[in-house]
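The structure appears below as structure tokens.
The values are calculated or read from the model by the stated rules, or taken from the named source; none is laboratory data. In this text, all values refer to a predicted model and were calculated from it rather than measured experimentally. FYI the Cβ positions are ideal-geometry reconstructions off the backbone, even for glycines, and counts take in every protein chain you see. In case anyone asks, the SASA skips ligands and DNA or RNA and just uses the protein heavy atoms, side chains included. Shrake-Rupley method; radii C 1.70, N 1.55, O 1.52, S 1.80 Å.
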Amino acid sequence: EKGTYPHYMLKEMDEQPAVIRKIVKAYQNEQGQLSIDPAILEALHDADRLYIIAAGTSYHAGLIGKEYFEKVAGIPVEVHISSEFGYNMPLLSEKPLFMFITQSGETADSRQVLVKITEKGYPTITMTNVKGSTLSREADHTLLLHAGPEIAVASTKAYVAQVAVLMVTASVYAQSQNKTLDFDVVKELGIAANAVQTVVDSKVEMEKVAKEFLATTRNAFFIGRNVDFYVSLEGALKLKEISYIQAEGFAGGELKHGTIALIEEGTPIFAIATQQAVSLNIRGNVKEVVARGANPCIISMEGIDEEGDRFVLPRVHELFSPLVAVVPLQLISYYAALHRECDVDKPRNLAKSVTVE
Ligand code: M6R
């Protein structure tokens, strides 16, 4: 039920801090430590490579998952778009483990991969929001997102849940292998939840940004580096699916290899800058497009912010920043769609779960 909310999407964005906290509780054992199904830890232990398979927003979460499993847990990862993987399977490693990320658990593109992989006898995990869904029933193991029902076609809280559960899984596995982490996952997720709360409380500012940058534009670009690049892909998807503005996400350094030709006077560029190591590089990319007339909206993070940044996110651990940085982009898309009088919860040509290939 959306209660007093005008749209499910707005309600679901508001629920995001609570979703992160719920995930922490759901994955905590009696001693307060994070834990996951030992069979999943064993499957990870036995694998020489993790293949993440997903579509749309879930694919974007999978890209963040690659960072987590490689950097935190030391497992090599490939992330694939399910509709491609099934019909053009890459050379697999000797002991692959497959993880399907799917909010609905019903996406046909992902299911056809699961069916093919199961036939080959490889182990499978489904990360889903829907207990008892097709992909959950058909995989060997399930990781639940605990996000509560997501009704709006544009996925918001499920993405945040996917990123959080990916971190929980990668870090619990790392600890099971006696790796020492330089952060406390429960604490950092708590900090991230508070930061997300600050962002969802900044709706007035987000609405202003949407009006200022997106009221009449034909197109918009999103750039970032490292995990911010993956967040920019998700920001662009959100904007196009609900506001019908043509939007693309790019790795900051890649713009000048072609797409910069599209920059005109006033073209909006959203730049995400939460990663210290590449902060100067992304700011350099912003300068390149500003010199061609672009209208930049820099979303940075406390500690690496600079004068003129349009929105500064509360500081969180760099690996956790996707949980927070995606939220202003969701809100900006929401308000852009609203101003353009689009059907926010049910955008044209789209369905909540895509059950055809
Ligand atoms: O249910 P799934 O996570 O498998 O769905 C995958 C995509 O269809 C989905 O994320 C889609 O891209 C959303 N509309 C994005 O907001």
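The set of residues from region 22-49 being part of a helix (DSSP H, G or I) and surrounded by fewer than 19 Cβ atoms within 10 Å (Cβ to Cβ) comprises Lys22, Lys25, Ala26, Pro38, Ala39, Leu41, Glu42, His45, Asp46. Could you tell me whether any residue of region 65-76 is of a type in the set (Lys, Arg), surrounded by 19 or more Cβ atoms within 10 Å (Cβ to Cβ), in a helix (DSSP H, G or I) and within 16 Å of the ligand (Cβ to nearest atom)? No: region 65-76 contains no residue that is of a type in the set (Lys, Arg), surrounded by 19 or more Cβ atoms within 10 Å (Cβ to Cβ), in a helix (DSSP H, G or I) and within 16 Å of the ligand (Cβ to nearest atom).
Among the helices (runs of 4 or more DSSP H) lying completely within region 122-225, list those that include at least 1 residues that are of a type in the set (D, E, K, R) and out of contact with any helix residue (DSSP H, G or I) (no Cβ under 9 Å at 6 or more places or on another chain). So that I can check it myself, show each step before the final result.
Numbers: elements: 134-138, 157-176, 185-200, 203-214.
It comes to 134-138, 185-200, 203-214.
Looking for whichever is closer than 30 Å to Arg348 by Cα, buried (at least 18 other Cβ atoms within 10 Å of the Cβ) and among the small types (Gly, Ala, Ser) here; the options are Ala154, Ala174, Ala170, Ala192. Which one fits?
On the way: Ala174 fails: closer than 30 Å to Arg348 by Cα; Ala170 fails: closer than 30 Å to Arg348 by Cα; Ala192 fails: closer than 30 Å to Arg348 by Cα.
So the residue among Ala154, Ala174, Ala170, Ala192 that is closer than 30 Å to Arg348 by Cα, buried (at least 18 other Cβ atoms within 10 Å of the Cβ) and among the small types (Gly, Ala, Ser) is Ala154.
The residues of region 292-339 that are charged (D, E, K, R), open to solvent by 50 Å² or more (accessible area, probe 1.4 Å) and in a loop (DSSP other than H, G, I, E, B), listed by number, are Arg292, Glu302, Asp305, Glu306, Glu307, Arg310, Arg315. In summary, Ser333 fulfils each of the numbered conditions (1) more than 16 Å from the ligand (Cβ to nearest atom); (2) of a type in the set (Ser, Thr, Tyr); (3) closer than 22 Å to Leu255 by Cα with the single exception of condition (1). Taken over region 130-151, residues that are within 11 Å of the ligand (Cβ to nearest atom) and open to solvent by 40 Å² or more (accessible area, probe 1.4 Å) amount to 1. For Phe229, state whether it is part of a strand (DSSP E or B) and open to solvent by 30 Å² or more (accessible area, probe 1.4 Å). Here the answer is no, as Phe229 does not meet what is asked.
Consider Glu241 carefully, then state whether it is over 20 Å from the mean Cα position of the chain (by Cα) and either part of a helix (DSSP H, G or I) or of a type in the set (D, E, K, R) (or both). Step through it out loud before you land on a result.
Working: over 20 Å from the mean Cα position of the chain (by Cα): no; either part of a helix (DSSP H, G or I) or of a type in the set (D, E, K, R) (or both): yes.
Criteria not met by Glu241.
For region 340-356, give me the residue count where each residue is away from the ligand (no atom under 12 Å from the Cβ) and surrounded by fewer than 15 Cβ atoms within 10 Å (Cβ to Cβ). Residues that pass the stated criteria total 3. Of all residues in region 65-77, those that are farther than 23 Å from Ala158 by Cβ have Cβ atoms under 6 Å from Cβ atoms of residues that are open to solvent by 10 Å² or more (accessible area, probe 1.4 Å), 6 or more apart or on another chain, in Pro76/Arg49.
Among the residues of region 84-95, not a single one is within 16 Å of the ligand (Cβ to nearest atom), of a type in the set (S, T, N, Q) and open to solvent by less than 40 Å² (accessible area, probe 1.4 Å).
With respect to being free of Cβ contacts under 8 Å to residues at least 60 places away in the same chain and more than 20 Å from Ile64 (Cβ to Cβ), Thr134 fits the description. With the requirement that a residue be in a helix (DSSP H, G or I), under 22 Å from the mean Cα position of the chain (by Cα) and over 23 Å from Met167 (Cα atoms), what does region 99-113 give you? Of everything in region 99-113, those that are in a helix (DSSP H, G or I), under 22 Å from the mean Cα position of the chain (by Cα) and over 23 Å from Met167 (Cα atoms) turn out to be Ala108, Asp109, Arg111, Val113. Candidates in region 232-282 are the residues that are open to solvent by 10 Å² or more (accessible area, probe 1.4 Å) and basic (Lys, Arg); of these, the one that is farthest from the ligand (Cβ to nearest atom) is Lys256.
Can you name the residue in region 96-127 that is of a type in the set (Phe, Trp, Tyr) and within 16 Å of the ligand (Cβ to nearest atom) and is also surrounded by the fewest Cβ atoms within 10 Å (Cβ to Cβ) among such residues? Can you show your working first?
We begin by selecting, within region 96-127, every residue of a type in the set (Phe, Trp, Tyr); these are 98, 100, 122.
Next, only the ones that are within 16 Å of the ligand (Cβ to nearest atom) stay: 98, 100.
Working: Phe98: 26, Phe100: 30.
Once the filter is applied, the top-ranked residue is Phe98.
Looking across region 177-189 at every residue that is without any contact (Cβ under 8 Å) to a residue 24 or more places away in the chain and closer than 21 Å to Ala18 by Cα, the one that is least open to solvent (accessible area, probe 1.4 Å) is identified as Asp184.
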